[in-house]
């Protein structure tokens, strides 16, 4: 039985807006605290959560996307965090998203990069097939940009079919992009941006925000409900 949504467990913090599967478990970033938690991917406890392995602070703000790759953790700061918490001096500026490159062991910031074209950002992915590249969604221009980290140069830009693009997952034969408000996850051709496939998440299931690959399936988080869910492909 394919293409069904399965609730797995709730995030350890209340507003999970980005996530990334790694061999140790699942990293989940909280949009309010901007902390990043590594949890086990197991059956939930009686409280609906799984074991917290570790968590780290970050200087990111209003964090809405994340990735792991190149020895770093990458956090997409969608502007300042003042909608959710007191202002911090490290917050991104209003209307200007940033990509934070951080130490995955400590959360210490290594570099800060501007979002291509300016404006906000809800999602990103470190390309597992092309070392040294990241994919970033841009809210202002409604695009998906492929960026070479060395020099921070935009190599490729695809127009997106819907607004509010969120989580991004690069797979061997394409790239999945979440469109949260429309509850649609579209698979695009990497080179042309043409649509190859699409998934629609029913209203009865958690809303898709962040996205990651989970074996042969997809895993996502819902910032509104706190659920982590799996799409069985």
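A compact table of results
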item: Of all residues in the stretch 28-55 being part of a strand (DSSP E or B) and free of Cβ contacts under 8 Å to residues at least 60 places away in the same chain, the one that is surrounded by the most Cβ atoms within 10 Å (Cβ to Cβ); result: 30
item: Flag for residue 3 being touching a residue at least 40 places away in the same chain (Cβ under 8 Å), within 26 Å of residue 231 (Cα to Cα) and either touching a helix residue (DSSP H, G or I) at 6+ places or on another chain (Cβ under 7 Å) or surrounded by fewer than 17 Cβ atoms within 10 Å (Cβ to Cβ) (or both); result: yes
item: Test: residue in the stretch 80-91 that is surrounded by 15 or more Cβ atoms within 10 Å (Cβ to Cβ), in contact with a strand residue (DSSP E or B) (Cβ under 8 Å, 6 or more places away or on another chain), within 17 Å of residue 24 (Cα to Cα) and in contact (Cβ under 8 Å) with a residue 12 or more places away in the chain; result: no
item: Matching residues, the stretch 139-163, being in contact with a strand residue (DSSP E or B) (Cβ under 6 Å, 6 or more places away or on another chain), under 14 Å from residue 121 (Cα atoms) and at pLDDT below 95; result: 139, 140
item: Residue within the stretch 62-77 that is part of a loop (DSSP other than H, G, I, E, B) and on the phi < 0 side of the Ramachandran plot present; result: no
item: Residue count for the stretch 1-24, restricted to those that are under 22 Å from residue 200 (Cβ atoms) and more than 14 Å from the chain's Cα centre (by Cα); result: 8
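The values are calculated or read from the model by the stated rules, or taken from the named source; none is laboratory data. None of the values given here were measured: they were computed from a predicted structure. All Cβ positions, even for glycine, are placed from backbone atoms using ideal geometry, and neighbour counts span all protein chains on display.
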